[in-house]
């Protein structure tokens, strides 16, 4: 007997329908048993129930009958959609023990018989085999259900397994069991078991296409006679090469003449067909020095060295005066430095003031004379004081005296860019401030000549 059963199952699964055809839509009717009792108590299928007439316990099926109407649609060979409406009349209990249904959590014990139950659901179905090829097709389902019971609305998630048997001519017998897991607290977990019929029909149009007569191929036109039809020729009026889509390339650099800025000289694509002879990254048509590597800043020419002293103008501190030392500037002559130092020692101010005494003008003019003779010279003017008074006032006074000397030089025509003034107050003494002689030496203005 076991072998015969195994053989029948194998035949049902493996036998493909001779009249297999694709199905698109279907309608079904299903007779369903709803089991609320089992998931709540753990007692499924049957339980003892007292018969009021015989006063004896009898075995009773704990399912409430219902009917479900459904609509089916095919999305692919394995995926179907199923939507339906389920209607039942639920038997409510006389007591908690004498029942084929469990009281809700409302707390009421009022007897209610034949209360309506309405559920609408939608399910996605995965067919393990394709129903248009196999007679027996097992499947699994998952979906969403909304139901009304005792005027309370709630949602469940149905999870199920089932199978459909092809009876021919689009009629399928279906059996299915689902577990409804509640989402809403108004609902209860429950089971449904159904058997039904689904009628499928083929709704899409026939795949057969009418025979189409192809038109005669048009005559091939090649205006420039380069062997490339005008429909494929990017330059139909100019003979060209096939690898250039019918366009000419006189210099053979792989760039069509219409796109080549330098069509007579072989060049590079990055420069739109122009060469870069000196390899400086500037194409020859934009390079003022095409044979000597340069920079874009100087239009392809090298950085200039105006005074030809070996320091280019960008690093030469004195670009118009030749000097091969001191960053392109002449060095400060020792005798000039000595003369400036001597002159600086003869610069005096009114007491506690930045007013220059007239006796100092001759020495300041000497410094002006040296700066005029040596145009590359610059000067740093430093103001210093002794430690008489507060450090803050000494710093202010030293800065004012240095600025006064700077202004004198500017008034004599020395450019502001060649003069820098800075006051240091009493922070850099050269002598002992404990003596009058030392303090006199610390009250000084220094002029430091430099060449850039």
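The values are calculated or read from the model by the stated rules, or taken from the named source; none is laboratory data. Remember, it's a predicted structure, so these values are computed and weren't measured experimentally. FYI the Cβ positions are ideal-geometry reconstructions off the backbone, even for glycines, and counts take in every protein chain you see.
Which of the residues belonging to region 403-436 are exposed (fewer than 13 other Cβ atoms within 10 Å of the Cβ) and within 17 Å of residue 389 (Cα to Cα)? Result: 432, 434, 435, 436.
Looking only at residues of region 282-322 that are part of a loop (DSSP other than H, G, I, E, B) and in contact (Cβ under 8 Å) with a residue 24 or more places away in the chain, we find that the one that is farthest from residue 371 (Cα to Cα) is 317. Does at least one position in region 101-121 carry a residue that is within 30 Å of residue 172 (Cα to Cα), out of contact with any helix residue (DSSP H, G or I) (no Cβ under 7 Å at 6 or more places or on another chain), crowded, with 18+ Cβ neighbours inside 10 Å and modelled with pLDDT of 85 or more? Scanning region 101-121, I find at least one residue that is within 30 Å of residue 172 (Cα to Cα), out of contact with any helix residue (DSSP H, G or I) (no Cβ under 7 Å at 6 or more places or on another chain), crowded, with 18+ Cβ neighbours inside 10 Å and modelled with pLDDT of 85 or more, so the answer is yes. Within region 344-375, the set of residues being within 29 Å of residue 320 (Cα to Cα), in contact with a strand residue (DSSP E or B) (Cβ under 9 Å, 6 or more places away or on another chain) and either not assigned by TED's automatic domain parsing to the domain that holds residue 427 or not in a loop (DSSP other than H, G, I, E, B) (or both) comprises 364, 367, 370, 371. If you filter region 264-274 down to residues that are surrounded by 19 or more Cβ atoms within 10 Å (Cβ to Cβ) and part of a loop (DSSP other than H, G, I, E, B), you find that the one that is nearest to the chain's Cα centre (by Cα) is 273. Taking the conditions (1) under 30 Å from residue 233 (Cα atoms); (2) within 43 Å of the chain's Cα centre (by Cα); (3) surrounded by fewer than 17 Cβ atoms within 10 Å (Cβ to Cβ) in turn, residue 286 satisfies each one other than (1). The residue that is surrounded by the fewest Cβ atoms within 10 Å (Cβ to Cβ), among those in region 381-402 that are in contact with a strand residue (DSSP E or B) (Cβ under 9 Å, 6 or more places away or on another chain) and outside any helix (DSSP H, G or I), is 382. Just one residue in the set 406, 410, 378 is in contact with a strand residue (DSSP E or B) (Cβ under 8 Å, 6 or more places away or on another chain), assigned by TED's automatic domain parsing to the domain that holds residue 359 and more than 15 Å from residue 446 (Cα to Cα); that residue is 410.
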